[in-house]
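In what follows, a structure is listed as structure tokens, so that the remarks can point back to it.
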Amino acid sequence: MKIAILSRKSSLYSTSRLKDASLKRGHEVQVIDYLRCYMNITSHHPQIFYQGKKLAGFDAVIPRIGASNTFYGAAVVRQFEMMGVQSPNSSQAISRARDKLRAMQILAAKGIGLPVTGFAHSIKDVDGLINVVGGAPLVVKLLEGTQGIGVVLAETKQAATSVIEAFRGLDVNILVQEFIKEAEGADIRAFVVGNRVVAAMKRQGAPGEFRANLHRGGRAENIKLTREERSTAVHAAQILGLKVAGVDILRSNHGPVVLEVNSSPGLEGIEKSSGVDVADAIIEFLERSREGTANGNGDSKHNNNPNKY
């Protein structure tokens, strides 16, 4: 296959690993900075140009779209789709997953376990919003935040009110969620490829830190998931239309709850903590999907594969 990896830099760990895995499996691969692409949106003849040259002949693209570039990145993926190029994550699925509120509403409608979550526009409704999630302590999240940035734990109602009013005063949208105390500052990242979890890790926040993000000093270790956790992760990714996803889960007293579904999950932490070659699993999935498409049955012949984790 001829594969395009849509990424800002070839040197990024995830991009480098995907490139190496593609080459190792005998494919031709090119890393393309999607922000340097420009498009000719024409009926019957859609085109993409990069560094002055028309891109053609690709069988698959692997989107590694940064959160701050979702709109343009998704447009580039959409253009490749118009050209008949396969992508494990469609442009629509990427946009859907990146909108945290929309994603949570979709997951809730399908019965996926979530932290009790509130959303409001007016600061006049702060008291009601706090009560909706069961009162303090609670977590306030920026809808546009990533890697734990814009996530605040408010331990009292007064603190929660101040934080919510401050964020809304800046005219930014926020979610208010119940604080899952029993998680003890840890969460689980389940890496879904196709219809199975190929790797998982437990992320533990640094001392005194309730956020478990590795970028915030958290540590990662391999973990064995329960059947319910595996099922929840796969189902959440499938509901949002993602074939490659990092599903973040908390262990609560009422079962696993999904915090977020990431459409461009990083590979470094999960590969190093689990010992699994996740990049190879992604390329293998692309191969199976292409073979299945050629046979007219998609990935259906693999639907009974057992989950590894």
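The set of residues from the stretch 221-235 being closer than 25 Å to Ser14 by Cβ, touching a strand residue (DSSP E or B) at 6+ places or on another chain (Cβ under 7 Å) and outside any loop (DSSP other than H, G, I, E, B) comprises Glu221, Asn222, Glu229, Arg230, Thr232, Ala233, Val234. Taken together, Gly169, Gly111 contain a single residue that is of a type outside the set (D, E, K, R), free of Cβ contacts under 8 Å to residues at least 40 places away in the same chain, exposed (fewer than 14 other Cβ atoms within 10 Å of the Cβ) and out of contact with any strand residue (DSSP E or B) (no Cβ under 7 Å at 6 or more places or on another chain), which is Gly111.
Against the definition (within 23 Å of Ile282 (Cβ to Cβ), surrounded by fewer than 18 Cβ atoms within 10 Å (Cβ to Cβ) and either at pLDDT 95 or above or over 18 Å from the mean Cα position of the chain (by Cα) (or both)), how does Ser43 come out, yes or no? Taking the combined requirement at face value, the residue does not satisfy it.
Selection of first residues in the stretch 85-100 that are farther than 21 Å from Leu55 by Cβ and of second residues that are of a type in the set (Ser, Thr, Tyr) and surrounded by fewer than 21 Cβ atoms within 10 Å (Cβ to Cβ), restricted to Cβ pairs under 7 Å at least 6 apart or on distinct chains, gives the following pairs, ordered by first then second residue: Ser95/Thr70; Arg98/Thr70.
Considering Gly66, Gly73, the condition of being outside the structural domain of Leu286 (by TED's automatic domain parsing), among the small types (Gly, Ala, Ser) and at pLDDT below 95 is satisfied by Gly66 alone.
Within the stretch 251-309, the residues that satisfy the criterion of being at positive phi and either in contact with a helix residue (DSSP H, G or I) (Cβ under 6 Å, 6 or more places away or on another chain) or modelled with pLDDT of 70 or more (or both) are Gly255, Gly275, Gly298.
Of all the residues in the stretch 236-274, those that are in contact with a Phe, Trp or Tyr (Cβ under 9 Å, 6 or more places away or on another chain), under 23 Å from Ile149 (Cα atoms) and part of a strand (DSSP E or B) number 3. Residues in the stretch 1-39 that are in contact with a Gly (Cβ under 6 Å, 6 or more places away or on another chain) and closer than 15 Å to Ala56 by Cα: 2 in all.
One residue stands out among those in the stretch 137-151 that are at pLDDT 90 or above and either hydrophobic (A, V, I, L, M, F, W, C) or in the same structural domain as Gly66 (by TED's automatic domain parsing) (or both): the one that is surrounded by the most Cβ atoms within 10 Å (Cβ to Cβ), which is Leu138.
Here the stretch 57-82 is the region considered, the condition is being free of Cβ contacts under 8 Å to residues at least 60 places away in the same chain and touching a strand residue (DSSP E or B) at 6+ places or on another chain (Cβ under 7 Å), and the residue that is surrounded by the most Cβ atoms within 10 Å (Cβ to Cβ) is Val61.
Applying a threshold of 6 Å to beta carbon distances and a minimum spacing of six or more residues, or different chains, the list of pairs starting in the stretch 121-139 at a residue that is of a type outside the set (Ser, Thr, Tyr) and ending at one that is buried (at least 16 other Cβ atoms within 10 Å of the Cβ) and assigned to a loop (DSSP other than H, G, I, E, B) reads Leu129/Ala120; Pro137/Phe179; Leu138/Phe179; Val139/Phe179.
Within the stretch 149-192, being among the small types (Gly, Ala, Ser), in contact with an Asp or Glu (Cβ under 9 Å, 6 or more places away or on another chain) and over 18 Å from Val133 (Cβ atoms) holds for Gly185, Ala190.
Residues that are farther than 24 Å from Gly269 by Cα and not charged (D, E, K, R) within the stretch 11-29 comprise Gly26, His27, listed in sequence order. For the stretch 88-108, the count of residues that are surrounded by fewer than 16 Cβ atoms within 10 Å (Cβ to Cβ), among the small types (Gly, Ala, Ser), under 26 Å from Ala233 (Cβ atoms) and modelled with pLDDT of 95 or more is nonzero.
The values are calculated or read from the model by the stated rules, or taken from the named source; none is laboratory data. The shown structure was predicted, so the numbers you read here are calculated from the model rather than taken from an experiment. With ideal geometry, Cβ positions are generated from the backbone for all residues, glycine too; neighbour counts draw on all protein chains shown.
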